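The structure appears right after this line, and notes come after that.
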Amino acid sequence: MASLLILAGSVALLMYGMKVMSEGLQKMAGSKLRHFLGTMTTNRVSGILTGAFITAAIQSSTATTVMTVSFVSAGLLTLTQAISVIMGANIGTTMTAWIMVLGGSGNYMQYVVYSAIVVAIACIYSNKSRNLGEFIMGLALLLLGLTTLSANAKGMHLDQNETVQAVFGSMSSHGYWSYLLFLLIGGLLTFSVQSSAAIMAITMTLCTTGVLNIYMGIALVLGENIGTTVTSNIVALSASTQARRAAMAHMVFNVFGVAWIFTIFPYFVDFVCSLVNVDPHSPASDKSVLAMVLAAFHTSFNLCNVMILVWFVKPLARLVSVIIPSKGSDEEDESRLMYISGGLMSTSELSILEAKKEIVLFAERCQKMFHFIPDLLHMERGDDFNKLFSRIEKYENITDNSEIRIADYLNKVSEGRLSAESKTEIQHMMRQVSELESIGDSCYNLARTIRRKRQNSSQLEFTEKQFEHIHNMFKLADSALTQMIYIVKTPELKESDINKSQNIEIEINNYRKQLKNQNIVDINDKLYDYQIGVYYMDMISECEKLGDYVINVIEIAGPKKTY
């Protein structure tokens, strides 16, 4: 019983160490990695190198793949670019196995682990090196989990346990059917624990203790390759069609690789064993070297798979387009979040970009909503008016829901292990979505004013001058919205960008003040009815409020965030 508890605890420690190490790296270079992924994918070769580098850096192919799917949904990557990045991620993830091989054995490792923990604690208590300390601590915990797992497995003497030997022996005695069985087990275990690293560690332990022969161990590794693709497909279920295709491409790529390797499975395993000078058929061979065989197979298999399929990226893109056809709808469903999903909750530092893209979309939807107002103002037919007003109401509900859902998402992200800079950034983003929702409210208030005028004073109409002034104010408000979207989209802002928006805001305020004074004069001169003057100034004042909300969004996004 104690041995089983140690076994479970060491696996948990390994998984937690991997998570802490990955998050520490992300805190040190999260934004740079996001920028790297978004820009270094101009062709399939650079895409593969990018995917391999990022996955090796953050030690999570799932995070890279899910991030890539989000980038496709955000329009930052095309489907073909995403496929090449995913191919690279499959190569980068093999680094994890080599870390286990190099760091999971040896009596000296406990000295390395505890020395690393001392260094990590010192770094964590130093503000300047906190992220580095978390990375070192994660690596130390990972290695501690590996060494504990290995030592405990050896102490259990599983190779001498007749029951264990009988179970694995019966499962391994059916030729290719046994390979398929272990393939299925590997896939299910990886999907269940959401960590191919943990299953790889267990596989290495079973092989090096003599419980499992190398052929069945490698079949488990192949199953892990398929099991890890399920996560990105689940994440993509609520995403755009292109994002779901990118996730499906990941699965098709890995399934294809498993399919062709199974046609030459024993020969390929023998070839890999010869590379590390191991005879898989000899009972006297050194079992401790089998961990290196697993790592070598994992790397060589993924390299070969990429070398085969790199020439067929476009056909692969066409295939997944057939598997996941376009919905063919005239208009994208605007009531859902397009760029962010819960799948990145395990990598909070890398989730921020997806939230930023959602905020950009939120801002664009606000401007689109505003563009309906001039059309509503001049709509003559009652049916058309009601239809357009209902559409504006729908957008108002969308802005309300977007604020709540983005804020909830940011709250969940903030619960993760974030750098101080990222926490401050999330606070600013929370304020932005609140101000954007207020812009949606202003657009809806403009529509309601137009409807009240139509219902209560249908015989009265704005004068030509009033129409001219309203449209001039609309143009100013639209210019403010356009500049706001540019600023929200632009990562590096100049002071001149902010000044331009502030100048538009000053112009809106001055114009509103001028029209307010003129309105009093025109009513006294009997140029139009008092009630029409009320509707007129309601619209002008609401545009001025909209401008205030716009400038709030801009100041939050600006280079100087001092409040």
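Key figures for this structure:
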| read-out | value |
| --- | --- |
| Qualifying residue in region 52-61 (condition: surrounded by 23 or more Cβ atoms within 10 Å (Cβ to Cβ) and modelled with pLDDT of 80 or more) | yes |
| Single condition E437 does not satisfy, out of (1) crowded, with 20+ Cβ neighbours inside 10 Å; (2) of a type in the set (D, E, K, R); (3) under 15 Å from G547 (Cβ atoms) | (3) |
| N519 being free of Cβ contacts under 8 Å to residues at least 24 places away in the same chain, within 30 Å of Y530 (Cβ to Cβ) and either surrounded by 15 or more Cβ atoms within 10 Å (Cβ to Cβ) or not assigned by TED's automatic domain parsing to the domain that holds E364 (or both) | yes |
| Count of region 488-522 residues which are of a type in the set (V, I, T) and at pLDDT 90 or above | 5 |
| Residue that is over 23 Å from the mean Cα position of the chain (by Cα), at pLDDT 85 or above and assigned to a helix (DSSP H, G or I), where the choices are V306, V313 | V306 |
| Region 429-463, residues that are among the charged types (D, E, K, R), assigned to a helix (DSSP H, G or I) and either outside the structural domain of D384 (by TED's automatic domain parsing) or under 23 Å from D384 (Cβ atoms) (or both) | R448, R451, R452, K453, R454 |
| Residue check, K357 surrounded by 19 or more Cβ atoms within 10 Å (Cβ to Cβ), under 30 Å from T65 (Cα atoms) and not hydroxyl-bearing (S, T, Y) | yes |
| Residue in region 491-498 that is assigned to a helix (DSSP H, G or I) and crowded, with 20+ Cβ neighbours inside 10 Å present | no |
| Residue match in region 381-402 (condition: at negative phi and outside any helix (DSSP H, G or I)) | yes |
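The values are calculated or read from the model by the stated rules, or taken from the named source; none is laboratory data. In this text, all values refer to a predicted model and were calculated from it rather than measured experimentally. No Cβ is skipped: glycine too gets one built from the backbone with ideal geometry, and neighbour counts run over all protein chains shown.
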